[in-house]
Amino acid sequence: MEDTKNKTSLTVKILLILFSAFLIMYVSKEAGYYEYRTYTKKELTKEAIKKFESDVSLGKDVSLKDYVEDEYIDYSNIVTDTGSKIGNTIETFMNEGIKKTLEFLGALFYK
């Protein structure tokens with residue numbers, strides 16, 4: 001009886017967490033958070049274009065690094081790196097295994 005109760009409470013907790021995450025995303029969408037971020041990026045781009053044009057008209061040496069912000073964020077960590085290595089190893093193993101299996105079957109039927 002207790003085991004069923006624990007499973008039910010765990011299920012309810014998971015559903016509450018998922019519903020809370022949904023509500024947070026829904027409210028941020030309705031509040032226009034994404035649109036505001038894209039608007040600010042657009043404005044920064046307009047400012048960079050104006051600065052570029054003024055620098056070109058003044059004859060300054062222009063470089064792309066001066067006008068474009070690098071927004072790349074590296075989210076990798078030891079877990080993602082390990083998962084990637086394991087996935088690549090499995091992929092190589094499977095590709096080689098399938099290739100050798102097909103070669104073997106080809107040798108059986110076509111020679």
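The values are calculated or read from the model by the stated rules, or taken from the named source; none is laboratory data. Keep in mind it's a predicted model, so treat the numbers as computed, not measured. Heads up, the Cβs are rebuilt from the backbone with ideal geometry, glycines too, and the neighbour counts pull from every protein chain shown. When the accessible area is computed, the model is the full protein with side chains, heavy atoms only, and any ligands, DNA or RNA have been set aside. Shrake-Rupley method; radii C 1.70, N 1.55, O 1.52, S 1.80 Å.
Quick look at the values:
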read-out	value
Residue 75 being open to solvent by 100 Å² or more (accessible area, probe 1.4 Å), among the hydroxyl-bearing types (Ser, Thr, Tyr) and in a loop (DSSP other than H, G, I, E, B)	yes
One residue from 13, 42 being within 25 Å of residue 69 (Cα to Cα), basic (Lys, Arg) and free of Cβ contacts under 8 Å to residues at least 40 places away in the same chain	42
Residues within region 23-63 that are more than 25 Å from the chain's Cα centre (by Cα) and part of a helix (DSSP H, G or I), tallied	13
